[in-house]
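The values are calculated or read from the model by the stated rules, or taken from the named source; none is laboratory data. All values reported here derive from a predicted model rather than from experimental measurement. Using ideal geometry, Cβ is built from the backbone for each residue, glycine included, and neighbour counts are taken over all protein chains shown.
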Amino acid sequence: MHTTHDTLPSLVERALTGNQRPLEFYLRDQSRLPGPRANLELVNDLSYLLAALAAEQPDTVRALLDSLISDDEKKVVSNTPAEFVVLCGVAAYGTCAAAFPKWRGDVFELLDQHACSPCWRIRQGVEIASQRLLTDAAQETISHLVILATQGNYYQQRASIAAVAEPSLLFNSDTVQDALSILDIILERLRSSPAIDRKREDFRVLRQTLGYAVSVITAADPEKGFALMRACATWGDTDIVWILRENLKKKRLAKFVAYTTELSELLA
């Protein structure tokens, strides 16, 4: 079997000259789907290769990316090679926009749309794309994520918090404070969600993401993170209580014994 590095550049070159089918066939064949883990190494290789080529060929790269994500309009099925092709396109769009400021407005809009996909790996593509943008265009991306957290639907709120709940991004105090602000906004909104919404899939997806994201952000600033968790524990909201208990199970919080003990007593 050819390695990604051996095969991918020539396939991309052919795709940029109008013959996209061999590249799409290769992505489907190498997707590892159906299966438990998609081929994220291939996602990364394609993303960075296209970002490098976009400097010289921005229009043809965008046309290729549009073709990769076009299958989503046909409502692809989860855990399939077709879903993987869309994942590749979404992640690569974010990687390219990280490198090219002129792309960002359009790409933020595109990511907002794909954040609402029923396919979780396409939502994962949005997460990857947003994290690439956070790395290279932090303030612009944070500003957009705050808007999503404040005004977006449940899927878009999920995209906002999933993007910032990444330990490798939480290495400076400004980013951590931004992440805490986004988390605070979303938890307050969740607290106000009507009962009828709480049975919906998009609400369940947001709740599931918060079931780990709170601990990731709290581990980066335990004092403020646990203070927020303690405040939330007093609300008596059953979904918030579930979220807090799930996060208390995470090993990353185990070393903060005094904080976790106090929170566990509040939740008892």
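Structure data summary
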item: Positions within segment 142-161 being among the polar types (S, T, N, Q) and under 15 Å from Ala129 (Cβ atoms), in sequence order; result: Gln156, Ser160
item: Residues of segment 246-265 that turn out to be more than 24 Å from Glu127 (Cα to Cα) and surrounded by 14 or more Cβ atoms within 10 Å (Cβ to Cβ), as a count; result: 5
item: Condition met for Pro9 (surrounded by fewer than 19 Cβ atoms within 10 Å (Cβ to Cβ) and either without any contact (Cβ under 8 Å) to a residue 12 or more places away in the chain or outside any helix (DSSP H, G or I) (or both)); result: no
item: Residue in segment 45-54 that is touching a residue at least 60 places away in the same chain (Cβ under 8 Å) and not aromatic (Phe, Trp, Tyr) present; result: yes
item: Condition broken by Cys88, with the remaining ones in (1) surrounded by 19 or more Cβ atoms within 10 Å (Cβ to Cβ); (2) free of Cβ contacts under 8 Å to residues at least 40 places away in the same chain satisfied; result: (2)
item: Among (1) modelled with pLDDT of 95 or more; (2) of a type in the set (S, T, N, Q); (3) touching a helix residue (DSSP H, G or I) at 6+ places or on another chain (Cβ under 8 Å), the one test that Gln151 misses; result: (3)
item: Residue satisfying condition, being exposed (fewer than 13 other Cβ atoms within 10 Å of the Cβ) and either closer than 20 Å to Gln124 by Cβ or in contact with a strand residue (DSSP E or B) (Cβ under 7 Å, 6 or more places away or on another chain) (or both), within set Ser70, Ser47, Ser31; result: Ser70
item: Residues of segment 168-188 satisfying the condition of being of a type in the set (A, V, I, L, M), in a helix (DSSP H, G or I) and within 16 Å of the chain's Cα centre (by Cα); result: Leu169, Ala179, Ile182, Leu183, Ile186
item: Tyr26 over 20 Å from the mean Cα position of the chain (by Cα) and among the hydroxyl-bearing types (Ser, Thr, Tyr); result: yes
item: Residue count for segment 150-166, restricted to those that are in a helix (DSSP H, G or I) and under 13 Å from the mean Cα position of the chain (by Cα); result: 10
item: Segment 106-122, residues that are closer than 19 Å to Ser31 by Cα and in contact with a Leu (Cβ under 9 Å, 6 or more places away or on another chain); result: Cys119, Arg121, Ile122
item: Positions within segment 89-116 being over 19 Å from Asn39 (Cβ atoms), of a type in the set (Gly, Ala, Ser) and more than 12 Å from the chain's Cα centre (by Cα), in sequence order; result: Ala97, Ala98, Ala99, Gly105
item: Candidates Pro194, Pro222 - the one that is touching a Phe, Trp or Tyr at 6+ places or on another chain (Cβ under 8 Å) and without any contact (Cβ under 8 Å) to a residue 60 or more places away in the chain; result: Pro222
item: Sole residue being surrounded by fewer than 19 Cβ atoms within 10 Å (Cβ to Cβ), at pLDDT 95 or above, under 17 Å from the mean Cα position of the chain (by Cα) and not hydroxyl-bearing (Ser, Thr, Tyr), chosen from Asp197, Asp202, Asp221; result: Asp202
item: Test: residue in segment 242-262 that is free of Cβ contacts under 8 Å to residues at least 60 places away in the same chain and either under 18 Å from Ala159 (Cα atoms) or not assigned by TED's automatic domain parsing to the domain that holds Asn172 (or both); result: yes
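Every residue, every condition in (1) within 21 Å of Ser192 (Cα to Cα); (2) out of contact with any Pro (no Cβ under 7 Å at 6 or more places or on another chain); (3) assigned to a loop (DSSP other than H, G, I, E, B); (4) modelled with pLDDT of 95 or more, yes or no:
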| position | (1), (2), (3), (4) |
| --- | --- |
| Ala227 | yes, yes, no, yes |
| Gly236 | yes, yes, yes, no |
| Val241 | yes, yes, no, yes |
| Arg245 | yes, yes, no, yes |
| Ala258 | no, yes, no, yes |
| Glu265 | no, yes, no, yes |
